[in-house]
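Have a look at the structure below, then the notes.
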Amino acid sequence: MRRFDVETSFHFPYATFASAAAFAEFSGDSQRLFDARYAYEVALARAARENSHISPGTCGICLSQTTFSTIIPDAAPHTENPEPNWREEQVCACPERLNARFRAMLQVIDAESGLLPWMRVLVLGASQAIEQHIDVRVAAMITRRRSGRLQPATEREEAAYHLIVSSEHLHAEPMLQKTLQSMHAALMPGGKLVFTAPFDARATETRPSRPGAPGVLGWDILDRIERAGFDSAAAHLFWSEEFGYLGPFNLIFSASA
Ligand SMILES: [Zn+2]
């Protein structure tokens, strides 16, 4: 199958939005492109052999020519199309086997702050896959595994970190605003927060977490981040066949303390 026409792509490999309104305007203008990408991804999934899609590309993290492989499930009965989870399951052949979300997160971290030898980094949530990558590059890496709760920031943690990386945990925080405030307090001025979480690109409001039912973030997360004291918040929308970032609405968030 011919590769997706790069000429019709935009902002390789990601587009950045500072507000829900900016994203709405962009997606209004880009609907045909989104539809074409979706049709292309469906065709790739349907053409897969032995429940796997393999494609050549370049890994933005191990910096080599590689192949990306994705598990393709059997077709869902209601759509008759397979619905692969490109975000979590498009995996690089490098030894760390990083999926699309982690590779894209590391690429945003590179762009926002880099991983520099003197940095102190706090890692929250389920992020084992990228911890070795971070740990060998920085002075200190602290991890919080379970809920990743960080509140209130202890005195020891006040302005203690240059970078907080949070992987799929903010949606599960029952006190989201307090957690964001604690994250802000734990960062040094100018420090960066980079995170992913389940996100509904059509939702203006975050659905809060309740006992037994983790929430889903909506576009108000950008305002919430700024209300927590951050200078700026942005959403980065990824799509690149070359870098192995297929799938709709693959968003990563960043903010500056
Ligand atoms: Zn790789």
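The values are calculated or read from the model by the stated rules, or taken from the named source; none is laboratory data. This structure is a prediction, so every number in the text was calculated from the model and none was measured. Using ideal geometry, Cβ is built from the backbone for each residue, glycine included, and neighbour counts are taken over all protein chains shown.
The figures follow:
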quantity: Residue satisfying condition, being assigned to a loop (DSSP other than H, G, I, E, B) and at pLDDT 90 or above, within set Glu226, Glu205; calculated: Glu205
quantity: Among residues of region 211-242, those that are within 25 Å of Arg103 (Cβ to Cβ) and charged (D, E, K, R), counted; calculated: 2
quantity: Failed item, numbered, when Ala186 is tested on (1) buried (at least 23 other Cβ atoms within 10 Å of the Cβ); (2) at pLDDT 95 or above; calculated: (2)
quantity: Criterion violated by His53 - all others in (1) surrounded by 14 or more Cβ atoms within 10 Å (Cβ to Cβ); (2) more than 14 Å from the ligand (Cβ to nearest atom); (3) part of a helix (DSSP H, G or I) satisfied; calculated: (3)
quantity: Failed item in (1) under 21 Å from Gly125 (Cβ atoms); (2) touching a residue at least 24 places away in the same chain (Cβ under 8 Å); (3) more than 13 Å from the ligand (Cβ to nearest atom), with Ala48 passing the rest; calculated: (1)
quantity: Residue in region 93-126 that is surrounded by the fewest Cβ atoms within 10 Å (Cβ to Cβ), counting only those that are of a type in the set (Gly, Ala, Ser) and in contact with a His (Cβ under 9 Å, 6 or more places away or on another chain); calculated: Ala126
quantity: Residues of region 94-146 satisfying the condition of being within 14 Å of the chain's Cα centre (by Cα) and over 13 Å from Leu163 (Cβ atoms); calculated: Leu98, Asn99, Ala100, Arg101, Phe102, Arg103, Ala104, Gln107, Gly125, Ala126, Ala129
quantity: Hits in region 208-223 - residues which are surrounded by fewer than 18 Cβ atoms within 10 Å (Cβ to Cβ) and at pLDDT 95 or above; calculated: Val216, Asp220, Asp223
quantity: Residue under evaluation Ala197, criteria (1) among the aliphatic types (A, V, I, L, M); (2) under 22 Å from Arg103 (Cα atoms); (3) surrounded by fewer than 21 Cβ atoms within 10 Å (Cβ to Cβ), criterion not met; calculated: (3)
quantity: Residue that is nearest to Ala47 (Cα to Cα) [pool: residues in region 73-94 that are in contact with a helix residue (DSSP H, G or I) (Cβ under 7 Å, 6 or more places away or on another chain) and of a type in the set (S, T, N, Q)]; calculated: Asn81
quantity: Which numbered condition Gly60 misses (of (1) more than 16 Å from the ligand (Cβ to nearest atom); (2) not in a helix (DSSP H, G or I)); calculated: (1)
quantity: All strands (runs of 3 or more DSSP E) inside region 67-156 with 2 or more residues being modelled with pLDDT of 90 or more, closer than 16 Å to Ala197 by Cα and away from the ligand (no atom under 16 Å from the Cβ); calculated: 120-125
